[in-house]
Amino acid sequence: YYRVERWCQDQINAGSDFLFDPSLFEAVMKEASKGFDFPLESLQSLFRNIYVKHIKTTSRRVQNNLQTDFITEYLAGKSIKDLAKQSNFSPAILARRVVEEMTVLGKKKLSTAMKNPIEELGSIDIIKPKYQHSENSFQNKWPGHLSTTTRLAMEVRDAIASDPLCGPVSDRARHFVGIEYEVVLEHELKNLGIPFESEAQLRQKGSARTPDVVLSCPISVQVDSEWHIVCWIDSKALYGDIDSHRTVLSQAKSYVHRFGPGMILYWFGHAPLSKLENADGDVVIVGWKLPETILWPTGEVQRGPR
């Protein structure tokens with residue numbers, strides 16, 4: 001874990017080329033996965049966790065320099081992708097900041113524009129007058145395109161397409177992966193014969209923020225030869241590194257207060273348990289799959305599906 005974490009951090013700090021090229025990113029991840037003997041999905045998830053922390057750390061600097069540096073260089077002809085690369089920042093997020101500054105779009109329209117820049121940013125009328133001159137100087141950059149759209153639209157499209165870690169496409173992919181693993185969790189619980197209420201069912205009852213499932217009766221699960229009481233389970237389709245787990249645990253503690261002890265299930269694995277807090281033993285941390293050795297309130301021990 002520590003070697004992999006250090007490698008991820010070093011690549012991000014160096015602003016490696018594959019951070020700005022999705023195809024290269026996939027190739028590098030596959031090679032590193034084999035080299036470290038570390039599952040690919042786990043590596044990608046851990047890498048993104050560390051990258052998001054990097055973006056949060058550098059975000060204020062980028063915002064503070066937006067008008068003085070980034071917008072000035074953009075107006076002079078530099079692409080959003082190149083600006084992101086020289087500042088070691090997410091192209092997709094920088095593109096959003098540029099659009100926020102240069103256009104008259106509100107927040108809702110802005111989100112739509114990031115999903116469909118060619119259509120939503122295709123009119124020069126949405127660009128603030130003081131920036132419209134930047135549209136007239138770069139006709140040769142995209143031959144044949146600027147007669148039907150704007151330079152800004154093309155720049156934003158290219159920036160988003162170059163970003164393997166942030167932006168609408170990766171956000172949507174993570175959303176669907178999260179849903180997929182919630183379905184997997186419910187399916188495995190049914191196979192084990194464990195009755196539960198889903199998050200959707202709990203919300204229909206008017207419950208506020210809830211874990212993914214609340215068990216109809218408490219059970220105990222065996223993890224590393226120890227028994228742990230579980231009243232609820234929260235499914236996380238990510239790798240539970242130390243920083244990410246700290247955020248997840250903060251929410252999990254509220255579940256402990258409302259529902260009792262529970263479980264966080266990291267489908268892509270987690271850092272060594274010795275490094276992860278467990279809310280004084282009230283939260284059991286599990287990786288890869290649901291434990292199949294169960295102790296029912298009756299005293300019956302079940303091993304595997306019913």
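Observations on the model:
- Test: residue in segment 108-119 that is buried (at least 19 other Cβ atoms within 10 Å of the Cβ), at pLDDT 90 or above and either of a type outside the set (Gly, Ala, Ser) or outside any helix (DSSP H, G or I) (or both): yes
- Segment 24-50, residues that are among the small types (Gly, Ala, Ser) and closer than 23 Å to Phe89 by Cα: Ala27, Ala32, Ser42, Ser45
- Scanning segment 103-125 for residues that are more than 16 Å from Leu75 (Cα to Cα) and touching a strand residue (DSSP E or B) at 6+ places or on another chain (Cβ under 9 Å) returns Val104, Lys109, Leu110, Ala113, Leu121.
- Within the set Arg3, Arg48, Arg61, the sole residue that is closer than 30 Å to Ser274 by Cα and loosely packed, with under 15 Cβ neighbours inside 10 Å turns out to be Arg3.
- Members of segment 285-306 found to be in a loop (DSSP other than H, G, I, E, B) and over 34 Å from the mean Cα position of the chain (by Cα), listed by number: Trp296, Pro297, Thr298, Gly299, Glu300, Arg306
- Verdict on Ser254 being among the small types (Gly, Ala, Ser), surrounded by fewer than 16 Cβ atoms within 10 Å (Cβ to Cβ) and without any contact (Cβ under 8 Å) to a residue 40 or more places away in the chain: no
- Qualifying residue in segment 127-140 (condition: more than 19 Å from Leu94 (Cα to Cα), surrounded by fewer than 18 Cβ atoms within 10 Å (Cβ to Cβ), out of contact with any strand residue (DSSP E or B) (no Cβ under 7 Å at 6 or more places or on another chain) and at pLDDT 90 or above): yes
- Glu292 falls short on exactly one of the conditions (1) touching a strand residue (DSSP E or B) at 6+ places or on another chain (Cβ under 9 Å); (2) modelled with pLDDT of 90 or more; (3) within 29 Å of His175 (Cβ to Cβ), and that condition is (2).
- Qualifying residue in segment 199-212 (condition: within 13 Å of Met263 (Cβ to Cβ) and in a loop (DSSP other than H, G, I, E, B)): yes
- In segment 2-50, the residues that are out of contact with any Lys or Arg (no Cβ under 9 Å at 6 or more places or on another chain) and either basic (Lys, Arg) or at positive phi (or both): Arg3, Arg6, Lys30, Lys34, Asp37
- For segment 270-280, a residue qualifies if it is exposed (fewer than 14 other Cβ atoms within 10 Å of the Cβ) and touching a residue at least 40 places away in the same chain (Cβ under 8 Å), and exactly one does: Pro272.
- Of the helices (runs of 4 or more DSSP H) lying entirely inside segment 9-84, those containing at least 2 residues that are closer than 18 Å to Ser244 by Cα span 40-64.
The values are calculated or read from the model by the stated rules, or taken from the named source; none is laboratory data. From a predicted model like this one, the values you see are computed outputs, not experimental measurements. We place every Cβ from the backbone using ideal geometry, glycine too, and count neighbours over all the protein chains shown.
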